[in-house]
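The structure appears below as structure tokens.
The values are calculated or read from the model by the stated rules, or taken from the named source; none is laboratory data. Predicted model, so just to flag it, every value in this text is computed and none were measured. Because the Cβ atoms are built from the backbone with ideal geometry, glycine has one as well, and the counts that use them run over all protein chains shown.
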Amino acid sequence: MTKQEFEKQLISWRHELHRFPEAAFEEKRTSAFIAEELRKMGITVTTGIGKTGVVGTLKCGDGDRCIAIRSDMDSLKIDEKSTHDHVSEHPGRMHACGHDGHITTLLGAALLISQAKDFNGTVHFIFQPAEEPGTGASAMIADGLFDRFRIDEIYGLHNAPFLPAGRVRTRPGGLAASEDDFTINITGKGGHASSPHEGVDPFACFAEMYMAFQTIVSRNARPAHPVVISCTEIETDGAHNAIPTHVTVKGDTRCYFPEDQELVETRMRKIAESVCEMNGAKCEFEYTHEFRPVVNDAVCVDRLVNAAAAIVGKDNVEADGEQWTVSEDFAMYLDHVPGCFFLLGSGRYEGDKSLHDNTFDYNDDVLVTGAEIWHELVKQRLQ
Ligand SMILES: [Zn+2]
Ligand SMILES: [Zn+2]
């Protein structure tokens with residue numbers, strides 16, 4: 001297969017996947033498509049892991065080391081507004097995050113690796129459901145991923161339209177952020193807007209805690225550790241001329257170190273409860289962990305950087321790049337085995353459409369690049 005034929009194959013897979021997007025845990029057609037293509041390559045396929053997850057396993061030689069490469073496969077639940085010839089045929093579903101491109105890249109890698117057979121050991125190609133809600137990786141792990149397959153190290157990528165096409169960015173430590181959600185219910189005593197002295201104003205409590213939360217960022221977190229705390233929603237039962245009794249505040253927080261997740265939760269709770277107590281209001285504080293931060297292993301980062309540099313050139317690889325503020329459930333695998341997640345630049349021009357835009361379309365120009373990086377990594381790691 002020439003390079004042109006290979007690229008043509010990848011583009012045809014990607015457009016087919018783009019036409020039939022499926023959201024979290026609905027990926028039946030997608031996983032059947034993947035399983036069929038893997039089988040054609042002579043790869044052993046295990047389906048139904050974590051509901052719709054697929055694992056392809058390829059052994060070569062007598063080496064006992066095993067590495068895994070992971071792609072997500074779910075779409076978003078949005079209506080596509082594009083006009084190209086491979087627009088979504090599933091209403092309310094769209095590959096707006098480029099997971100169609102990630103699947104294709106990993107299938108392309110599987111094709112290259114299965115044809116070349118230039119490694120000694122085992123490669124597991126993991127196709128994971130439900131990355132968007134952050135529950136797919138844990139579903140596969142709960143279904144015995146690490147018991148059923150020996151995995152010594154794991155790698156994954158996400159396309160990055162905000163980086164020039166072909167650029168690779170990763171970093172040791174926290175690359176993608178955690179996401180935790182909070183809800184604070186403040187109960188005061190409402191009444192006539194003209195007579196605040198007769199009640200307990202929950203708005204005054206919220207105003208105090210709103211500013212105090214930012215001192216967690218500036219006074220409690222280490223200056224070298226980025227933390228974001230955003231209050232994003234507020235509901236009250238007040239009126240133009242009535243002080244409310246109830247104020248509910250919602251929002252989310254992001255950080256890059258698991259210990260900062262604990263710090264933010266503890267400090268926010270203390271601030272919310274103390275401010276309410278000080279003002280004579282009641283406070284209910286709820287905090288849930290949605291995504292853990294993606295914490296890369298420094299040794300695996302070096303390995304990925306070496307493989308990527310062989311394909312895109314040293315100057316195109318940021319080995320200690322800026323953090324990515326988005327969350328990724330690849331983090332769950334890194335609780336079990338060391339690994340590295342990286343961003344593959346896919347921007348066609350400065351200010352290219354962002355992920356989750358309803359006209360987003362994966363940049364086909366980086367499909368081969370991604371597949372070649374995975375192939376090179378396998379070659380280098382399993383000699
Ligand atoms: Zn997304
Ligand atoms: Zn995504």
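Summary table
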item: Some residue of segment 98-109 being within 16 Å of ligand 2 (Cβ to nearest atom), part of a loop (DSSP other than H, G, I, E, B) and either over 29 Å from Arg381 (Cα atoms) or at pLDDT 95 or above (or both); result: yes
item: Top-ranked residue in segment 124-144 [being surrounded by fewer than 22 Cβ atoms within 10 Å (Cβ to Cβ) and small (Gly, Ala, Ser); ranked as farthest from ligand 2 (Cβ to nearest atom)]; result: Gly144
item: Single residue of segment 268-296 satisfying the filter (surrounded by fewer than 18 Cβ atoms within 10 Å (Cβ to Cβ), under 25 Å from the mean Cα position of the chain (by Cα) and charged (D, E, K, R)) that is nearest to Ala137 (Cα to Cα); result: Glu290
item: Residue that is surrounded by the most Cβ atoms within 10 Å (Cβ to Cβ), among those in segment 303-348 that are of a type in the set (Asp, Glu) and over 18 Å from Ser71 (Cα atoms); result: Glu318
item: Output for segment 161-216, where each listed residue is under 31 Å from the mean Cα position of the chain (by Cα) and hydroxyl-bearing (Ser, Thr, Tyr); result: Thr170, Ser178, Thr183, Tyr210, Thr215
item: Long-range neighbours under 6 Å by Cβ, at least six apart or interchain, first residue at negative phi and outside the structural domain of Leu107 (by TED's automatic domain parsing) within segment 13-29, second assigned to a loop (DSSP other than H, G, I, E, B) and buried (at least 22 other Cβ atoms within 10 Å of the Cβ); result: none
item: Condition met for Ile103 (within 16 Å of ligand 1 (Cβ to nearest atom) and either in contact (Cβ under 8 Å) with a residue 60 or more places away in the chain or surrounded by fewer than 24 Cβ atoms within 10 Å (Cβ to Cβ) (or both)); result: yes
item: Some residue of segment 76-86 being in the same structural domain as Val337 (by TED's automatic domain parsing) and under 27 Å from Ile141 (Cβ atoms); result: yes
item: Selection within segment 192-238 - aliphatic (A, V, I, L, M) and not in a strand (DSSP E or B); result: Ala193, Ala204, Ala207, Met209, Met211, Ala212, Ile216, Val217, Ala221, Ala224
item: Residue check, Phe360 within 16 Å of ligand 2 (Cβ to nearest atom), aromatic (Phe, Trp, Tyr) and either under 16 Å from the mean Cα position of the chain (by Cα) or under 30 Å from Asp118 (Cβ atoms) (or both); result: no
item: Test: residue in segment 348-355 that is closer than 30 Å to Asp85 by Cα and touching a Gly at 6+ places or on another chain (Cβ under 6 Å); result: no
item: Identity of the residue in segment 77-100, without any contact (Cβ under 8 Å) to a residue 40 or more places away in the chain and loosely packed, with under 15 Cβ neighbours inside 10 Å, that ends up farthest from ligand 1 (Cβ to nearest atom); result: Thr83
item: Residue match in segment 111-123 (condition: away from ligand 2 (no atom under 16 Å from the Cβ), within 13 Å of Gly56 (Cβ to Cβ) and in contact with a Phe, Trp or Tyr (Cβ under 6 Å, 6 or more places away or on another chain)); result: no
item: Options Asp147, Asp118: the member that is in a helix (DSSP H, G or I), surrounded by fewer than 20 Cβ atoms within 10 Å (Cβ to Cβ) and among the charged types (D, E, K, R); result: Asp147
item: Tally, over segment 278-302, of residues that are closer than 19 Å to Ser71 by Cα, touching a Cys at 6+ places or on another chain (Cβ under 7 Å) and among the aliphatic types (A, V, I, L, M); result: 1
item: Which listed residue is within 16 Å of ligand 1 (Cβ to nearest atom) and part of a strand (DSSP E or B), from Ser346, Ser327; result: Ser346
